[in-house]
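To keep things clear, I will list the structure first and then write my remarks on it.
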């Protein structure tokens, strides 16, 4: 996600632990830092409970740390004695979580914020088998959509229940800002029509159709500019020109400024194992900022906008995307009225199941 879970306090991987702590639980988040070389420990506000984070850096001596990491976690968790363990973030942690829960004899939840079989990790021999083993041994599986829930039930299947628990957004960050002020802060033109997106600008994330569509839009409307923010794919650089504004990688909280500065947000998702099941996080963030959007008609993203076919385009269809942008420019449709449940409401569905999970393992959930 190009975010640091602890430092950026970003999305689902942060909010599930935080909301459980706010409900009075004692929560410890154990993270493996794939990029860093310094371990860290932090205590965050947990409201009625406690929220602590520990990060172990993978570098240097990657192979050595990978070999010993499961046993390091097992030792730390035995000292903490959890009633319920949640494995999340990627394939290794879902499988590792199941392995740890078996040895700790505690309840186990596998949280799937996407179809992990669509990740690059799935190409590593044995990883898909490990993922499916971990999910099958979960007492509860949480997914970000009904589509992903159905996929898990059909293809894995787990021994426990599968709960569709969509993600949400931080409403303290993603809210409508004054458009002119946002444009001034970002150095964007005040009198132009701005279209664009913010996030990972990678081919596999669907940015190529947007780049191709821009080639059509710029000739049809002289007043339209393209705005992009986020890490780029070196093999697929952004378009160039005086009407293209690449803002680089921005802090998480500044992304809301980008969405407030735009006239139309573009959500381009490919029809791939990843795209079909991924949660439309960007769509919810744009909607929370009051931004009119166009979106690919695929998977959970397509379902979200199913009542608004005029805003949709077929995945990877640059002509269809350009046409959808032109329709929105001529007659904007705002969808700020679409309901977005906050994190408190979403995680409460998980919290209600914790006593049942602890009874299955013989433990007692401690509020």
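When volume of the Cα convex hull per residue in Å³ is calculated directly from the model, which label among (i) 140; (ii) 244; (iii) 155 fits? Matching the structure shown: (i). Multiplying the residue separation of residue 122 and residue 136 by 0.36 nm and removing their Cα-Cα distance gives an extension gain of 3.4 nm. Evaluate E = 1/(1 + (r/R0)^6) for residue 103 and residue 341, where r is the Cβ-Cβ distance and R0 equals 25 Å; express this FRET efficiency to the nearest 0.05. E(calc), rounded to 0.05, equals 0.10.
Between residue 233 and residue 180, residue separation times 0.36 nm minus the direct Cα-Cα distance comes to 16.1 nm. Taking the longest Cα principal axis of the chain as reference, the axis of helix 252-261 is set at about 30 degrees. Packing around the peptides 279-286, 143-150, taken as the average count of other Cβ atoms within 10 Å per residue, puts them in this order, highest first: 279-286, 143-150.
Secondary structure note: in the chain, about 15% of the DSSP beta bridges are antiparallel. Distance between the pseudo-spin-label points of residue 146 and residue 246 (7 Å out from Cα toward the beta carbon): 4.1 nm.
For residue 65 and residue 204, a Förster radius of 35 Å and the Cβ-Cβ distance give a FRET efficiency of 0.80, rounded to the nearest 0.05.
Of the beta bridges in region 179-330, as assigned by DSSP with both residues counted there, near 5 percent are antiparallel. Of the peptides 335-342, 18-25, the ranking by mean beta-carbon count within 10 Å, highest at the top, reads 18-25, 335-342. The angle between the Cα long axis of helix 207-220 and the longest principal axis of the Cα atoms of the chain comes to about 20 degrees, rounded to the nearest 10. When peptides 128-140, 222-234, 41-53 are sorted by average Cβ neighbour count within 10 Å, with the highest value leading, the order is 128-140, 222-234, 41-53. Its alpha carbons give region 179-330 an Rg and a Dmax of 14.0, 40 Å.
Taking the C-alpha atoms only, the angle from helix 11-22 to the longest principal axis of the chain is near 50 degrees. Helix content alone sets the calculated 222 nm mean residue ellipticity of the chain: runs of n ≥ 4 DSSP H residues at -39500 (n - 2.57) each, divided across all residues, give -12000 deg cm²/dmol. Mean sequence separation of contacting Cα pairs (under 8 Å, at least six apart), scaled by the length of the chain, corresponds to a relative contact order of 16 percent. Once the C-beta distance of residue 78 and residue 306 is scaled by a Förster radius of 35 Å, the resulting FRET efficiency is 0.15 to the nearest 0.05.
No lab work stands behind these numbers, since they all come straight from the coordinates. Just so it is clear, the structure is predicted and the values come from calculations on it, not from any experiment. So basically every Cβ, Gly included, is an ideal-geometry build from the backbone, and we count neighbours across all protein chains shown.
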